[in-house]
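Values in this text are rule-based calculations from the coordinates and carry no lab data. Because the structure is predicted, anything quoted here is derived from the model rather than measured. Virtual Cβ from ideal backbone geometry, glycine too; neighbours counted across all protein chains shown.
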Amino acid sequence: MTTNGILLDKHIDFLANNDIMITVSLDGNENHNSYRLDSYGKSSFPQLYQNLKVIKDMYPEYFKRKVTFNAVLHDRNSVAEICEFFEAEYNVIPNISQINTVGIQEEKMGEFNKLFRSYIDDLKKVTNPKNINDKLFLKSPDIQSVSNFLIQHSGNYFKSYDDLVATNNDKNFIPTGTCLPFGRKMFITAAGKIFPCERIGHQYAIGKVSDAGIDLDTAQIAKLYNEYYEKIERQCSTCYNAESCFVCMFNIQGLNRERPICNEYTNLHSLKRRFSEIFSTLEENSELYRTIISDVVIE
């Protein structure tokens, strides 16, 4: 489960005793995390920091095995600062992501642009990029790109046992890299809205939890997904990266419009350039291929 961690102290016995994996949303130190407020409008950091200390002291092995972190990059932190904080406090490197760019109101774009910080642009400003990339490893965009390439094209990656007996001809092609609803996770907001995951804009709710029960119409969800797929199928059908796509359609600008445009659309020239960059990375880091193949476990 993914949590802001405010109530962890009340429920940690249940979570630890049932060996439930926790992903805690934390953007770094108190200043880095200052956009995250509690229900009283105060910084949530002191309570969360204390809760994490309690978990670490009470259940050290559980904390080490089952507690991970998500950090969001913005104008009050940086990749280097995030890594420094988490290494010092918890001896880990968190998952680091950008603020979602989809669903921003026009009148709020100026405010949003002040908050937004690009992961790749931020890494370019690092004084010791090799050191940071070594720490990030698979969380580094360059290494992640190589790892994804090997997953897609090496012929040695299987998502499930079914892939060992199925051929490409047996598989149905579904546009984009969008997860099927509830195939991997689900997300429920404090207001009770249900989403396939926490990375989707709030205009794409697919259900609701209330005192009356759970409102979830699976037929309507399927219909909605098919309508979205039909809108972007034309682009996907001519995209050279279609069968290896990792793009979630809910992160495509204008999905609710008649003709949304995918910024990751790949023509032949773009594909050749991408492959060239990946091969150059592998040539410059000869040990990288073996490290990824041997050590990377994708859950």
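Quick notes on this structure:
- Centre separation in Å (Cα based) which lies between region 246-277 and region 1-57: 35 Å
- Listed values (1) 66, 45, 40; (2) 54, 52, 46; (3) 64, 36, 36, entry calculated as Cα extents along the principal axes in Å: (2)
- Label point distance in nm, Asp162-Lys223, each placed 7 Å from Cα along Cα→Cβ: 2.6 nm
- Across all Cα atoms of region 171-213, the radius of gyration (one decimal) and Dmax (whole number) stand at 12.3, 41 Å.
- Estimated from helical segments only, the mean residue ellipticity of the chain at 222 nm is -12500 deg cm²/dmol, where each DSSP H run of four or more residues counts as -39500 (n - 2.57).
- Members of Lys66/Lys185; Lys10/Lys66; Lys10/Lys193; Lys185/Lys208; Lys64/Lys135 lying beyond 20 Å, as alpha-carbon distances in this model show: Lys10/Lys193
- Bridges between two residues of the chain, per DSSP, are antiparallel at a rate of about 45%.
- Viscosity 1.306 mPa s, temperature 10 °C, Stokes-Einstein D of region 112-168 from Kirkwood C-alpha radius, µm²/s: 113 µm²/s
- Shape of region 122-215, Cα gyration tensor, a/c cut at 1.5: oblate
- Modelled spin labels at Ala88 and Tyr49, positioned 7 Å past Cα toward Cβ, are 1.1 nm from each other.
- Our summary gives region 140-299 a relative contact order of 21 percent, counting only alpha carbon pairs under 8 angstrom and 6 or more residues apart.
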